[in-house]
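The values are calculated or read from the model by the stated rules, or taken from the named source; none is laboratory data. Everything numeric in this text was worked out from a predicted model, so none of it was measured. Positions of Cβ are backbone-derived with ideal geometry, glycine not excepted, and every protein chain shown enters the neighbour counts. For accessibility, only protein heavy atoms count, side chains too; no ligands or nucleic acids. Shrake-Rupley method; radii C 1.70, N 1.55, O 1.52, S 1.80 Å.
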Amino acid sequence: MKFITVKNYEELSRKAANIIAAQVISKPNCVLGLATGSSPLGTYAALAKYCDDGDVDFSGVTSVNLDEYVGLDGTNDQSYRYFMDTNLFSKINIDKNKTHVPNGCAADLKAEGIAYDKFIKELGGIDLQLLGIGLDGHIGFNEPDKFFTAETHEVKLDPSTIKANARFFESEADVPTKAITMGMLSIMQAKKVLLIANGEAKKEIIEKAFYGPITPEVPASILQLHPDLTVIYSEN
Ligand code: GLP
């Protein structure tokens, strides 16, 4: 594991964007695993600038996102599809048809999960997976549990996650209680994993996840077993 401590969010975003840009430059038809949340916003803004400046060309890239709320479609401004379209895809020259987010409105979420994993496998897996981390150690929406789940699956969100994500909604009651998330297999099979986190509030969970025991009670801790993991953390 490479653990990089940086001085602020801006430096974190620049470093993360540089790692992603290097991936796209060295393999223009790569598969990027992408994340939502506030942590990657600066990274996405930096990537948009690199694209604008003509330094990175995303036209050959395929993306697969980690997760989506159950019941929200892409027109809903709280959906992760909407988040990705607004904060990244509309700002870079990626082919929109090559961007993929699990469908939280699928009639059969189990079948959607199976199809999503099959699709990732057919792509040849993920070259670089970007991750944030929840305050309870979740990655994607893999919540603390008694076991790790391998496949893309439906999850019931933890009350603490609903609370944490309420800031993006009008009220806590508006936060969906379920989501569909990539499981640990596709994440762990990604050739490279890059996890970013910032803020004092994340310090404790970062220590637990990367310097504590590997346990499904702290889902991100499984990443300690990944052969090419980079963590970038900024306390500010
Ligand atoms: C959500 C997402 C995660 C993300 C987490 C942390 O729950 N499903 O993928 O990592 O939030 O979000 P933030 O970066 O806003 O702290």
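Observations
- Residue check, residue 201 buried (at least 17 other Cβ atoms within 10 Å of the Cβ) and in contact (Cβ under 8 Å) with a residue 60 or more places away in the chain: no
- Considering residues of the stretch 165-175 that are of a type outside the set (A, V, I, L, M) and within 11 Å of the ligand (Cβ to nearest atom) only, the residue surrounded by the fewest Cβ atoms within 10 Å (Cβ to Cβ): 167
- Among the residues making up the stretch 135-154, a single one is buried (at least 22 other Cβ atoms within 10 Å of the Cβ) and without any contact (Cβ under 8 Å) to a residue 60 or more places away in the chain: 152.
- Long-range neighbours under 9 Å by Cβ, at least six apart or interchain, first residue closer than 19 Å to residue 83 by Cβ and without any contact (Cβ under 8 Å) to a residue 40 or more places away in the chain within the stretch 162-177, second loosely packed, with under 13 Cβ neighbours inside 10 Å and of a type in the set (A, V, I, L, M, F, W, C): 166/173
- Test: residue 194 is closer than 25 Å to residue 102 by Cβ, of a type in the set (A, V, I, L, M) and surrounded by fewer than 19 Cβ atoms within 10 Å (Cβ to Cβ): no
- Helices (runs of 4 or more DSSP H) completely within the stretch 1-119 that count 3 or more residues being out of contact with any His (no Cβ under 7 Å at 6 or more places or on another chain) and either open to solvent by 60 Å² or more (accessible area, probe 1.4 Å) or at pLDDT below 95 (or both): 9-26, 41-52
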